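Here the structure is laid out as C-alpha cells; the discussion comes afterwards.
The values are calculated or read from the model by the stated rules, or taken from the named source; none is laboratory data. Keep in mind that this is a model prediction, so the values were computed, not measured. Counting neighbours? That spans all protein chains shown, and the Cβs are built from the backbone with ideal geometry, glycine included. Note: accessible area is taken over every heavy atom of the protein model, side chains too, but ligands, DNA and RNA are not part of it. Shrake-Rupley method; radii C 1.70, N 1.55, O 1.52, S 1.80 Å.
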Amino acid sequence: MTEITHEVHEDENRLIAERRQKLSQLRNQGNPFPNNFKPQNNSTDLHLNYEQFSKEELAEKNIPAVVSGRMMLKRVMGKASFATLADSKGRIQAYLSKEKLGEDVYEAFKHYDIGDIIGVSGTLMKTKTGELTVDAKEVKLVSKGIRPLPEKFHGLSDQEQRYRQRYLDLIMNDESKDIFIKRSKIIRVIRETLEAQDYLEVETPMMHVIPGGATAKPFVTHHNALDMPLYLRVAPELYLKRLIVGGLGRVFEINRNFRNEGLSTRHNPEFTMIELYESYADYKRMMEITEELVRNSAKIACNSLVINYQDKTVDLEQPFDRLTITEAILKYNPELNINQLTDRGFLKAEIKKLTRHEPETDSLAVLQLLLFEENTEHKLWNPTFIMDHPIETSPLARQSDDRPGITERFELFVVGRELANGYSELNDPEDQADRFRQQVEQKDAGDEEAMHYDADYIRALEYGMPPTGGLGIGIDRLVMLLTNAASIRDVILFPHMRPE
C-alpha cells in the first residue's frame, strides 16, 4: 500500500509540474486568468428548455448558447473533440472542431487539461446519440487548474479528504452538492413557514458576558479593550425571551451555537439551530409547529412525507407519537412494568447495569430519564415526542400545575436521535432565580455544563413576560434526516477536523 501511495504522489507531482509549465507559457502571453468571458446560459435551463427539440429543429432554429464550466471530460478525435463542462447547475456537452474554431484556437484547446475552467460560445445541436450539445464557435480558457482532479473511476472516495477539501468534494460528487442545495431549501421553507405566521426574524449576540440558555460547556474568549472574558453562545434563548418581554410577540433566529464538546457523527462544536418563541403559547402549540416545520421541510427536500433513511422507512405523514418518559420505556421495553419504574432501587440497578456507573441522584423522575436514555432513546425510529421532563434537567421550563417536579417540556426523537426540544417557558422570576441558584451550586460542585446566574435576565422577567412557548430544532440533524446522511459532517460544508 505504501508503494502504491508513493507512486500516486509521484504521478500527481509530475502532472502538477507539467501544468505549472503550461501556466508559465500562458503568463508569457498575458494574464492567464482573464475576466473577459460572461456565461449567459446554465446547463439545467438549456436541458429543460431544449431537450425536447429534435436534431433537425435545433439546426433550423440556430439557438445561441454561451456557457462556462469546469472541463470534466475531454475526447480529442483528430479535427474534432467533445468536452463535458460542469457549471453550478449541472453538466452540458460542447462540440469543438478545427473547422469552426480555427487551427490556432483548436490546437490551444487540445492542450487544455481536465479541471480547467473554459468558456464556450456557439449554437445548440444534438449529436447522433441525441445528446444536447453546444456547437462551439468560440472557446476560451477562463481559469487554469494546476492540481489534477481525482481519476474519474476512483472519484473522491476518501471520507476525510472530502471533509477537509470540500471544494474538491463538490467538484467530484454531485450527491454532496445536492445535499447542500437541499439544506438551503430546507432553511428557506422554515423561514417562509414562520414568516407566514407573523414571526419576526431577529439576530441576537454571538458573544455573551454570561453563557446561558442551555446546559453545555462554552468556548471562552477575551475582549481586550474591555479586559473581560466573553463566551461564544451555547444558545440564543435568554436573549430571544428578552424580546418577548419587550413586546415582540413572535420571534425566531436561525444561527450558530457553539459548545465545547466532543466530535461525533451527531456532534460538531459549531452547529446551526433555529429557536423560536411565541407569546401566549405553550408546549403543545410548540409540538404542533414542530410537526409543521418538519413536514414542510420534507416536502421541499424529498417531495414525500414517507422517506428513506439508512435503508429504513421513516413515516412523517402520520401524527407524531406523544409519550411520557415512562410510557416510552414501557412501550419499547415490554419486559418492564410500571411498578419497577417507580422503584428507585430497581432503576439504579438497571442504570448501573447499562452504564457501569452508579447514578448519583435520588430523584425518581431523573432516574426514569436516565433509564430512558440508555434503553429506549435509540429505539425511537418514527417521530416521537417525549414529554414531561424532570425539573432538575429543565431549568428554564415551566413546572406542571398538576405534577410537582415535572415540567411542560418535550424532546422530539427521530431515527433514534434528538431533533428538537421545546417547552412552556418559565416566566416566574423568583422561581427562575431559585433554579439559577441551583445551577450555580451544581457548577461549584464541578458540573462544567451547569448554567450561570444571569441577573439581567431575572430583571427582564421582573418586568413581566407573558405565557410563552419556545422551540429549538437542530438544522444539521434535520438535514441529515432529509438527505439520508449518516454523519453530521456530511451536511456541514466545513466541519471541524483535527489539523492534518
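Taking a straight Cα-Cα cut-off under 23 Å and skipping sequence neighbours fewer than 8 places away in the same chain, the lysines within cross-link reach of Lys217 are Lys241, Lys443.
As a calculated quantity, the FRET efficiency between Asp447 and Asp158 at R0 = 35 Å, using C-beta atoms, amounts to about 0.35.
In this structure, the pairs whose alpha-carbon distance is over 19 Å, taken from Lys79/Lys110; Lys89/Lys177; Lys74/Lys110; Lys89/Lys144; Lys312/Lys379, are Lys89/Lys144.
Scoring 347-356, 265-274 by mean Cβ neighbours within 10 Å over their residues and listing the highest first yields 265-274, 347-356. Each listed q (0.16, 0.23, 0.25 Å⁻¹) maps to a log10 I(q)/I(0) for the stretch 404-497 from the Debye sum over equal C-alpha point scatterers, namely -0.90, -1.12, -1.20.
Karplus-based coupling profile of the stretch 332-339, in residue order and whole Hz: 9, 9, x, 6, 9, 9, 5, 5, with θ = phi - 60° in 6.51 cos²θ - 1.76 cosθ + 1.60 and x standing for Gly or Pro. Here the Karplus relation 6.51 cos²θ - 1.76 cosθ + 1.60, evaluated at θ = phi - 60°, turns the backbone of the stretch 129-139 into coupling constants of 8, x, 8, 5, 9, 8, 7, 6, 10, 8, 9 Hz, with x for every Gly and Pro. To check you understand DSSP bridge types, tell me what percent of the beta bridges within the chain (both residues inside) are antiparallel, rounded to 5. If I count the DSSP bridges inside the chain, around 90 percent turn out antiparallel. Magnitude of the charge dipole for the stretch 126-254, about its Cα centre and with charges confined to Cβ atoms of Lys, Arg (+1) and Asp, Glu (-1), is about 300 debye.
Only Lys, Arg, Asp and Glu count, each charged at its Cβ (+1, +1, -1, -1), so figure out the dipole size of the stretch 365-421 about its Cα centre, rounded to 20 debye.
Numbers: 5 positive and 10 negative charges, 24 e Å.
Charge dipole of the stretch 365-421: 120 debye, to the nearest 20.
State to the nearest 20 debye the size of the charge dipole of the chain about its Cα centre, where the only charges are +1 on K and R beta carbons and -1 on D and E beta carbons. Let's see the in-between values first.
Details: 65 positive and 81 negative charges, 520 e Å.
Using only the charged Cβ atoms, the result is roughly 2500 debye.
Between the amide H of His389 and those of Thr407, Arg409, distances stay under 5 Å, these residues lying 5 or more places away or on another chain, with hydrogens modeled in the peptide plane. A protection proxy built from the mean count of other Cβ atoms within 10 Å ranks the segments 386-397, 361-372, most packed first, as 386-397, 361-372. Projecting the Cα atoms of Tyr50, Ile146, Thr127 onto the charge dipole of the chain (Cβ charges, centred on the Cα centre) puts Thr127 farthest toward the positive pole. Between helix 174-195 and the chain there is an angle of about 50 degrees, using the helix long axis and the longest principal axis of the Cα atoms.
Within the same chain, lysines fewer than 8 places from Lys61 are excluded, and of the rest, those with a Cα less than 19 Å from its Cα are Lys100, Lys126, Lys128, Lys137.
Once fully extended, how much extra length lies between Glu317 and Glu103, figured as 0.36 nm per residue of separation less the alpha-carbon to alpha-carbon distance?
Working: separation 214, 0.36 × 214 = 77.04 nm, distance 6.14 nm.
Length difference between fully extended and current span is 70.9 nm.
Counting only alpha carbon atoms, the long axis of helix 2-28 and the longest principal axis of the chain meet at about 60°.
Which whole number in µm²/s is D for the chain by Stokes-Einstein, with the Kirkwood Rh taken over Cα pairs at 4 °C and 1.567 mPa s? Please report the intermediate quantities before stating the final value.
Working: Rh = 26.9 Å.
Reported coefficient: 48 µm²/s.
Comparing Met451, Leu85, Ala225 along the charge dipole axis of the chain, the residue lying farthest to the positive side is Leu85, per the Cβ-charge model. Computed on the chain, with alpha-carbon pairs under 8 angstrom and 6+ residues apart, the relative contact order is 13 percent. In sequence order, the stretch 298-311 has phi-based couplings of 5, 4, 6, 8, 10, 6, 6, 9, 10, 10, 10, 9, 6, 6 Hz under the Karplus curve 6.51 cos²θ - 1.76 cosθ + 1.60, θ = phi - 60°, and Gly or Pro positions carry x. What translational diffusion coefficient, in µm²/s and rounded to a whole number, does the Stokes-Einstein relation yield for the stretch 243-308 at 25 °C and a viscosity of 0.890 mPa s, taking the hydrodynamic radius as the Kirkwood radius over Cα pairs? The Stokes-Einstein estimate is 169 µm²/s.
In this label model, Asn49 and Val440 are separated by 6.6 nm, measuring between points 7 Å along each Cα→Cβ vector.
Going by a ≥ b ≥ c, the root eigenvalues of the Cα gyration tensor, does the stretch 1-142 fall in the rounded group (a/c under 1.5), the prolate group (a/b larger than b/c) or the oblate group? Before the final figure, lay out each step's value.
Values: a/c = 2.09, a/b = 1.66, b/c = 1.26.
Cα axes put the stretch 1-142 in the prolate bin.
I'd like the carbon and sulfur percentage of the solvent accessible area for the chain, probe radius 1.4 Å, heavy atoms only, ligands and nucleic acids excluded. C and S atoms contribute 49 percent here.
May I ask you to give the solvent-accessible area per residue for the chain, in square angstrom, as obtained with a 1.4 angstrom probe?
Working: 25810 Å² over 500 residues.
Heavy-atom accessible area per residue stands at 52 Å².
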